[in-house]
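These notes are about the structure you will find just below.
The values are calculated or read from the model by the stated rules, or taken from the named source; none is laboratory data. Note that the coordinates shown come from a computational prediction; the quantities given were computed from them, not determined experimentally. FYI the Cβ positions are ideal-geometry reconstructions off the backbone, even for glycines, and counts take in every protein chain you see. Quick note on the areas: whole protein, heavy atoms, side chains included, nothing else; ligands and nucleic acids left out. Shrake-Rupley method; radii C 1.70, N 1.55, O 1.52, S 1.80 Å.
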Amino acid sequence: MTNEDIKQHITSVHPTGVFDETGEWLQVQVDVGEWKPFAQWLRSEVLQMDFLFCLTCIDWSATATGKTLMTMVYHVTSTIFRHTIVVKVKLDRNNPAIETVSDIWRTAEFHEREVFDLFGVKFLHHPDLRRLVLTDDFEGYPLRKDFEDPINMIKL
């Protein structure tokens, strides 16, 4: 299945998706409220995206522009058909929350805990959302752009 075929299939079922074809893989942006049903559809329908191999977050905040935006990025592939897509979901940085997909792709359970720990994104209905790397008393989220660590700070 080509990227154009995948795009047409997604558009026929999910017309509000926004596509970006500038990278190696087709990218689609969906709204946070549509994420969980879209993920379920990706897994079970014709595309059979049965493997989530990467999940991360990007902090786009900038003091100069006043942007308070974070983006969740999911890389999913079909081990059956060998096609891959990237799904992006924008979150409000002041209250970053999104439905878990650990019940759809088991690999998400670990990755969501990592993003929770380092970015502060809350994964709603996650079966075991707790810190993964940092201690329970650690304050802040080290991968956010506004994080400052006065002890280990390197000034450039």
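Seen through its C-alpha gyration tensor, with square-root eigenvalues sorted a ≥ b ≥ c, the chain comes out prolate because a/c lies at 1.5 or above while a/b is bigger than b/c. For the pair segment 66-84 / segment 104-121, the C-alpha centres are spaced 13 Å from each other. The residues packed around Gln40, meaning those with a beta-carbon under 12 Å from its beta-carbon, carry a net charge of -2 if Lys and Arg are +1 and Asp and Glu are -1. With every protein chain in place and a 1.4 angstrom probe, the accessible-area ranking of Tyr74, Tyr141, largest first, reads Tyr141, Tyr74. Quick check: residue separation of Asn95 and Leu124 times 0.36 nm, minus the Cα distance between them. What number comes out in nm? Once the chain is fully extended between Asn95 and Leu124, it gains 9.2 nm.
Distance between the modelled labels on Phe81 and Thr22, one decimal in nanometres: 2.6 nm (7 Å Cα→Cβ projection).
Computed from backbone phi with θ = phi - 60° and the Karplus coefficients 6.51, -1.76 and 1.60, the 3J(HN,Hα) list for segment 92-108 is 6, 5, 6, 8, x, 9, 8, 5, 5, 10, 5, 7, 9, 10, 4, 4, 5 Hz; x is used for glycine and proline. Ligands, DNA and RNA excluded, the heavy atoms of Glu21 present near 100 Å² of accessible surface to a 1.4 Å solvent probe.
Taking amide H as placed 1.01 Å from N in the peptide plane, Lys122 has its amide H under 5 Å from the amide H of Ala97, Ile98, each at least 5 places away in sequence or on another chain.
With a Förster radius of 25 Å applied to the beta-carbon distance between Asp137 and Asp103, the computed FRET efficiency rounds to 0.25.
As a check on your grasp of the helix formula, calculate [θ] at 222 nm for the chain: sum -39500 (n - 2.57) over DSSP H runs of n ≥ 4, divide by the residue count, round to the nearest 500.
Value at 222 nm, helices only: -6500 deg cm²/dmol.
Could you identify which residue out of Val13, Val121, Val73 has the top mean-square fluctuation in a GNM of the chain using Cα springs shorter than 10 Å? Residue with maximal mean-square fluctuation among Val13, Val121, Val73: Val13.
Across the chain, the mean sequence separation of Cα contacts (distance under 8 Å, 6 or more residues apart), normalised by length, yields a relative contact order of 18 percent. Extension gain for Thr11 to Phe147 (0.36 nm times residue separation, less C-alpha to C-alpha distance): 45.1 nm.
When DSSP beta bridges are limited to those with both residues in the chain, what percentage is antiparallel, rounded to the nearest 5? The answer is about 70 percent antiparallel. Computed with a 1.4 Å probe over protein heavy atoms only, the accessible area of Lys145 comes to about 130 Å². Compared with the dominant Cα axis of the chain, that is its longest principal axis, helix 3-13 is turned about 90°. Averaging the sequence gap over all C-alpha pairs within less than 8 Å and six or more residues apart, then dividing by the number of residues, gives segment 78-156 a relative contact order of 23 percent.
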